[in-house]
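A.B. asks: Before I ask anything, here is the structure I am working with.
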Amino acid sequence: MYRTNTCGELRLSDAGKEVTLAGWVQRSRKMGGMTFVDLRDRYGITQLVFNDTANAELCERANKLGREFCIQVAGTVSERESKNGNMPTGDIEIFVKALNVLSESVTPPFTIEDNTDGGDDIRMKYRYLDLRRSVVRKNLELRHRMTIMIRNFLDSRQFIEVETPILIGSTPEGARDFVVPSRMNPGQFYALPQSPQTLKQLLMVSGFDRYFQIAKCFRDEDLRADRQPEFTQVDCEMSFVDQDDVTALFEDMMRHLFKEVKGVDLPGKLPQMTWHEAMRRFGSDKPDLRFGMEFVELMDVFKGTGTFSVFNEATYIGGICVPGCAGYTRKQLDQLTDFVKRPQVGAKGLVYIMFNMDGTVKSSVDKFYAPEVFVQLKEKMGAKDGDLVLVLSGDNANKTRTQLCTLRLEMGDRLGLRDKNKFECLWIVDFPLFEWSDEEQRLMSTHHPFTMPNPDDIPLLDEHPERVRAKAYDFVCNGIEVGGGSLRIHDCKLQEKMFQILGFTPERAMAQFGFLINAFKYGAPPHAGLAFGLDRMVSIFAGLDSIRDCIAFPKNNSGRDVMLDAPSTIDKKQLDELQLKVELKKVD
């Protein structure tokens, strides 16, 4: 037996007990004839005591222990003289009688502490060491706990967990597929699933009316803090339901998780906001409602009422009111102007109006407008003395709103308004069914080709498909899209119409999706579903800015696993077996 107890469970009530512990040396310190070692395992830290007077040889061996040595000790639980109230085991220590070094360690490349000296790159290269840190380990423990809760919740609602294949056919609509060559079928390729979408719809045709899966999914796309090339989603599908049935059930699931994990009570009914309203008020289909600064359109205030040509030529002018910031210095305002001009934001400039505490007004455009224009602006913005109004304009309303959204979030960060311990959740509904792709020069599905159009808008499909709303819904929390789904098309003719609008020939539609179209001929039930991003859910509950630290072995921002050095080349023998030849093209 390597251990009788873990390093996190012993308490003062165990004093006098003979125990055996095993773990890693966190740190050691010699004080006179005593040596103290902090022993760590997954469950916590326990202090070990070696007494030179009691056993000089044992104490000498303890002095040779290095950081991260894996050891086993046997000894007696004793009450600690200098107690540590910051540790669960801080009332006790182990008077060591036997020491066994199970494995020595070289000096780690960074300290295995909560506040480590290791940067992101070095910690990702030695991820197996990084996972020893309690702050990272706790994220994975939270992920485990939440996964169990989700499984139990869905099981209690008659969902059945079904595993779907990882090697499937490529469906190049949407994000790029990861493709896998087939040795037994030369020149042909599998794809890794971006989602089990069509497979779970087939399960509905099969009569499994409530399905779920903790599904691994893959997308070959550019990375951000909330994206990885492989990710996990809580994937669900239901038959004989409408939109309200789906949103109500999964509101209950999220309400359960928030209560059990965070002790937070979500409202009995979450608000719903249409996509158009979200874009108009916040410039985003995932608005952060933890703070105000809603957009106010200012065309009637500024356009044609002064000589500022930028506003007079604009097709959209919008502003936000930043409370209590009229005292911003010129340097701070220049920093904000530089911020909105960054390529990632793309604005050409920023206009500010300060409503000072003494009632005066100072603005970057005050020479272009009469004083009464700023009186009207103050009233329309709901501004008070001491507030700062920031204004952007442009010739594309949605593009300018998106820029203003980025500025709003930046101000929320600067003012500390995006509290990670506050949670504001809502549903975004009535998305456009299609969006225009400049790259493809055609309409594309906003979500995927299987999304049901709003029945009221079906007559618009032939003449005005861009005006058709989708029966789709996204769950948003604190400005993050946590999950989303839709009602699905279950009528063959309507599905064929969708493919036609998306530019599919009948032959191409059958080649890519014939299995689904044919299945619908055998009594497909009305069905709907959604998927929650498990990584994003855990990161929100853990208060993380990135999903990487709630994934055991994540990729970096270039999509590389620096620990495994993947992706990598394969040898010629493997290529020959696959009947493939690699020819790299130069990229300008």
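Let's see how each residue does on (1) part of a strand (DSSP E or B); (2) among the basic types (Lys, Arg); (3) at pLDDT 95 or above:
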| position | (1), (2), (3) |
| --- | --- |
| LYS200 | no, yes, yes |
| LYS216 | yes, yes, yes |
| ASP220 | no, no, no |
| LEU223 | no, no, no |
| GLN233 | yes, no, yes |
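A.B. asks: Taking LYS269, is it of a type outside the set (A, V, I, L, M), at pLDDT 95 or above, open to solvent by 50 Å² or more (accessible area, probe 1.4 Å) and not in a strand (DSSP E or B)?
C.D. replies: Values: of a type outside the set (A, V, I, L, M): yes; at pLDDT 95 or above: no; open to solvent by 50 Å² or more (accessible area, probe 1.4 Å): yes; not in a strand (DSSP E or B): yes.
Spelling it out, it is not the case that LYS269 is of a type outside the set (A, V, I, L, M), at pLDDT 95 or above, open to solvent by 50 Å² or more (accessible area, probe 1.4 Å) and not in a strand (DSSP E or B).
A.B. asks: Of the residues PHE355, PHE302, PHE368, which single one is crowded, with 20+ Cβ neighbours inside 10 Å, touching a residue at least 24 places away in the same chain (Cβ under 8 Å) and either in contact with a His (Cβ under 9 Å, 6 or more places away or on another chain) or more than 30 Å from GLY416 (Cβ to Cβ) (or both)?
C.D. replies: Values: PHE355 fails: either in contact with a His (Cβ under 9 Å, 6 or more places away or on another chain) or more than 30 Å from GLY416 (Cβ to Cβ) (or both); PHE368 fails: crowded, with 20+ Cβ neighbours inside 10 Å.
Sole residue among the options that is crowded, with 20+ Cβ neighbours inside 10 Å, touching a residue at least 24 places away in the same chain (Cβ under 8 Å) and either in contact with a His (Cβ under 9 Å, 6 or more places away or on another chain) or more than 30 Å from GLY416 (Cβ to Cβ) (or both): PHE302.
A.B. asks: Related question: Which condition breaks for PHE258 when tested against (1) open to solvent by 10 Å² or more (accessible area, probe 1.4 Å); (2) over 29 Å from ILE166 (Cβ atoms)?
C.D. replies: PHE258 satisfies every listed condition except (1).
A.B. asks: Can you pull out every residue in segment 413-428 that is open to solvent by 10 Å² or more (accessible area, probe 1.4 Å) and more than 18 Å from ASP265 (Cβ to Cβ)?
C.D. replies: ASP413, ARG414, LEU415, GLY416, LEU417, ARG418
A.B. asks: When you scan segment 495-540, how many residues do you find that are among the charged types (D, E, K, R) and under 23 Å from PRO459 (Cα atoms)? Full working, then the answer.
C.D. replies: Here is the first cut: in segment 495-540, the residues among the charged types (D, E, K, R) are 496-497, 507-508, 521, 535-536.
Adding the requirement that they be under 23 Å from PRO459 (Cα atoms) leaves 496-497.
The qualifying residues number 2.
A.B. asks: Could you figure out which of (1) at pLDDT 95 or above; (2) open to solvent by 30 Å² or more (accessible area, probe 1.4 Å); (3) out of contact with any Lys or Arg (no Cβ under 6 Å at 6 or more places or on another chain) isn't true of ASN84?
C.D. replies: So ASN84 meets the others, but not (1).
A.B. asks: Same structure, new question: Could you check segment 501-588 for helices (runs of 4 or more DSSP H) lying wholly inside it with 1 or more residues that are without any contact (Cβ under 8 Å) to a residue 12 or more places away in the chain? Walk me through it before giving the result.
C.D. replies: Details: elements: 506-519, 534-542, 572-578.
Hits in segment 501-588: 506-519, 572-578.
A.B. asks: In the list PRO196, PRO165, PRO229, which residue meets the criterion of being without any contact (Cβ under 8 Å) to a residue 60 or more places away in the chain and open to solvent by less than 20 Å² (accessible area, probe 1.4 Å)?
C.D. replies: On the way: PRO165 fails: open to solvent by less than 20 Å² (accessible area, probe 1.4 Å); PRO229 fails: without any contact (Cβ under 8 Å) to a residue 60 or more places away in the chain.
Testing whether each residue is without any contact (Cβ under 8 Å) to a residue 60 or more places away in the chain and open to solvent by less than 20 Å² (accessible area, probe 1.4 Å) leaves just PRO196.
A.B. asks: Can you tell me which residue in segment 158-198 is nearest to PHE231 (Cα to Cα), limited to those that are among the charged types (D, E, K, R) and in contact with a strand residue (DSSP E or B) (Cβ under 7 Å, 6 or more places away or on another chain)? Before the answer, list the steps.
C.D. replies: Step one: filter segment 158-198 for residues among the charged types (D, E, K, R), giving 161, 163, 173, 176-177, 183.
So of that shortlist, the ones also in contact with a strand residue (DSSP E or B) (Cβ under 7 Å, 6 or more places away or on another chain) come out as 161, 163, 173, 177.
Details: GLU161: 18, GLU163: 16, GLU173: 19, ASP177: 14 Å.
This residue is ASP177.
A.B. asks: Please state which one of LEU48, LEU65, LEU142, LEU99 is surrounded by 15 or more Cβ atoms within 10 Å (Cβ to Cβ) and assigned to a helix (DSSP H, G or I). Steps first, answer last, please.
C.D. replies: Values: LEU48 fails: assigned to a helix (DSSP H, G or I); LEU65 fails: assigned to a helix (DSSP H, G or I); LEU99 fails: assigned to a helix (DSSP H, G or I).
Answer to the selection: LEU142.
A.B. asks: Shifting gears a bit: Quick check: anything in segment 515-530 in contact with a Pro (Cβ under 6 Å, 6 or more places away or on another chain), of a type outside the set (Ser, Thr, Tyr) and farther than 30 Å from LEU409 by Cβ? So that I can check it myself, show each step before the final result.
C.D. replies: At the first step, the residues of segment 515-530 found to be in contact with a Pro (Cβ under 6 Å, 6 or more places away or on another chain) are none.
Looking for residues that are in contact with a Pro (Cβ under 6 Å, 6 or more places away or on another chain), of a type outside the set (Ser, Thr, Tyr) and farther than 30 Å from LEU409 by Cβ, one finds none in segment 515-530, hence no.
A.B. asks: Here is a follow-up. Just for segment 479-492: of the residues that are outside any strand (DSSP E or B) and at pLDDT 90 or above, which one is least open to solvent (accessible area, probe 1.4 Å)? Give the derivation first.
C.D. replies: First, pick out the residues of segment 479-492 that are outside any strand (DSSP E or B): 479, 489-492.
Within this subset, residues satisfying the condition of being at pLDDT 90 or above are 479, 489-491.
Details: GLY479: 18, ILE489: 0, HIS490: 59, ASP491: 75 Å².
Checking each candidate, the answer is ILE489.
A.B. asks: Next question, about the same structure. Given the conditions (1) surrounded by fewer than 16 Cβ atoms within 10 Å (Cβ to Cβ); (2) on the phi < 0 side of the Ramachandran plot, which single one is not true for GLY346?
C.D. replies: (2)
The values are calculated or read from the model by the stated rules, or taken from the named source; none is laboratory data. Everything numeric here is computed off the predicted structure, so don't read it as measured data. Every residue, glycine as well, gets a Cβ built from its backbone with ideal geometry; the counts of neighbours run over all protein chains shown. Calculation scope for accessible area: heavy atoms of the full protein, side chains included, ligands and nucleic acids excluded. Shrake-Rupley method; radii C 1.70, N 1.55, O 1.52, S 1.80 Å.
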